[in-house]
1. Over all Cα pairs of the stretch 175-228, how is the pair count split among 5 Å bins, expressed in % and running from 0 up to the last occupied bin?
2. Would you tally the net charge around Leu225, using a Cβ to Cβ cut-off of less than 13 Å, leaving Leu225 out, and scoring K and R as +1, D and E as -1?
3. So what are the ³J(HN,Hα) numbers for the stretch 274-286, from phi and the Karplus equation (6.51, -1.76, 1.60; θ = phi - 60°), rounded to whole Hz, Gly and Pro as x?
4. Could you list the chymotrypsin sites (Phe, Trp or Tyr not before Pro) in the stretch 1-107 that lie in coil according to DSSP, counting only those with at most 12 other Cβ atoms within 10 Å of their Cβ?
5. For the stretch 72-319, take every pair of Cα atoms, bin their distances at 10 Å starting from 0, and report each bin as a whole percent.
6. Please work out how much length the chain gains when fully extended from Leu225 to Leu94, using 0.36 nm per residue of separation minus the C-alpha to C-alpha distance, in nm with one decimal.
7. 5 Å is the cut-off here: which amide hydrogens, built 1.01 Å from N in the peptide plane, fall below it relative to Gly252, excluding neighbours closer than 5 in sequence?
8. Between Met1 and Ala39, how many nm apart are label points set 7 Å from Cα along the C-beta direction?
Amino acid sequence: MMSHEKSQELFERALKFIPGGVNSPVRAFRAVGGTPFFARACRGACLEDVDGNVYVDYVCTWGPAILGHAPEEVKQALRETLEGGTSFGVPGPLEVEMATRICQAVPSVEKVRMCNSGTEATMSAIRLARGYTKRNRIIKFEGCYHGHVDALLVKAGSGALTLGCPDSAGIPEAVAADTICLPFNDGEAFSRVMTEMGESVACVILEPIPANAGLILPDPEFLALLRKLTQEYGAVLIFDEVMTGFRLAKGGAQEILGIRPDLSAFGKVIGGGLPVGAFGGRAEIMDVLAPLGPVYQAGTLSGNLWPWRRVARNWRCCSNKTGLSGWRKSGGSWRKCFVEHSRQVDGPGLLTGWVRCSVSILPGKRFGIWRMSKQQICPRSAVIFMQC
């Protein structure tokens, strides 16, 4: 019988000093019920909580821990970083190395700017697109999450087109008024909006393969239409590859899908679990950023050594032997087994993601597959905690 006494005590203390007891809402377990367990340590594929319970961890800090937890080579890289300091406030050679690596890996990225999170990356990409086009309106899609940026926390209503409907308190309607939210994969709705107001659209932003609200596989014709009409109307096409970049493939989803966006946003995966972000794209657009252009973006810790040392070591490990392609093949075998067994049990579950799926399983809970209506759920692999 598993004990959660210490986790319960910690959660009760946390509730007194942290809003909701957590520093990110999903950790409160409200969607799945129960009290969140508090992790003490992670090694390899296993996570141990403060009560000594051990779990097989398929969450992997929500995607970035491609090499598992605390691999020796990565720990050594972080030790080396500590010896020389972590943040200088001036340029360093590792920034140039990582910028070079990103541009070489992602063909659409000619220049890249480092930042500190995926949210910061999408926020900066939106500002850059508006500054470059000198337009205000942006288009996003249902089911695509781009961080807690005010202009992007907008939900769609029952109609095909929704303007200015903030999905969070604290966001004035005026801030969201220029955000248009459309159904994903609905080419007709997109074409209609571009015909009506394409000349005023600064950018179109989407996750090329949405995986935050159940996996929604993109229609190739839909993506091709986005590329065609954004070019026709002079709008910037932005791929949010925070979840897919350097994980689905070295060049991200765009490498597999064959669509080249104007800008791309990256985040947690390139940091291997450390706070980091980046956005990049066509040099013509990126050069509108300060100090070359009028669009301001800055950060004291942008490009600091702490995460980028791990990134460099992560990439070396991913590039040798079988790399990502080998891991996808291995994951396919697990995927098949998981899906077969999940059909034999009862209870709610959610599969989301291509390379990763989002299934939260509490100890003692049974699970199955929940299919979203009118959306294609593709159980490719899973992100779960399971008791060892």
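Read the figures in this text as sums done on the coordinates, not as results from a lab. Note that the structure is predicted; figures quoted are calculated from it, not measured. Neighbour counts are summed over all protein chains in view; Cβ atoms, including those assigned to glycine, are modelled from backbone coordinates with ideal geometry.
1. 4, 16, 30, 25, 15, 8, 1
2. On the way: positive: Arg192, Arg227, Lys228; negative: Asp186, Glu188, Asp219, Glu221, Glu232.
Net charge around Leu225: -2.
3. 9, x, 7, x, 6, 9, x, x, 4, 4, 4, 7, 4
4. Details: sites: Phe11, Phe17, Phe29, Phe37, Phe38, Tyr55, Tyr58, Trp62, Phe88; in loops: Phe29, Phe37, Phe38, Tyr58, Trp62, Phe88.
Sparse-neighbourhood loop chymotrypsin sites (Phe, Trp or Tyr not before Pro): Phe88.
5. 8, 32, 35, 18, 6, 1
6. Numbers: separation 131, 0.36 × 131 = 47.16 nm, distance 3.82 nm.
Working it through step by step, the gained length comes to 43.3 nm.
7. Residues meeting the criterion, in which the H sits 1.01 Å from N, are Phe246, Arg247.
8. 2.8 nm
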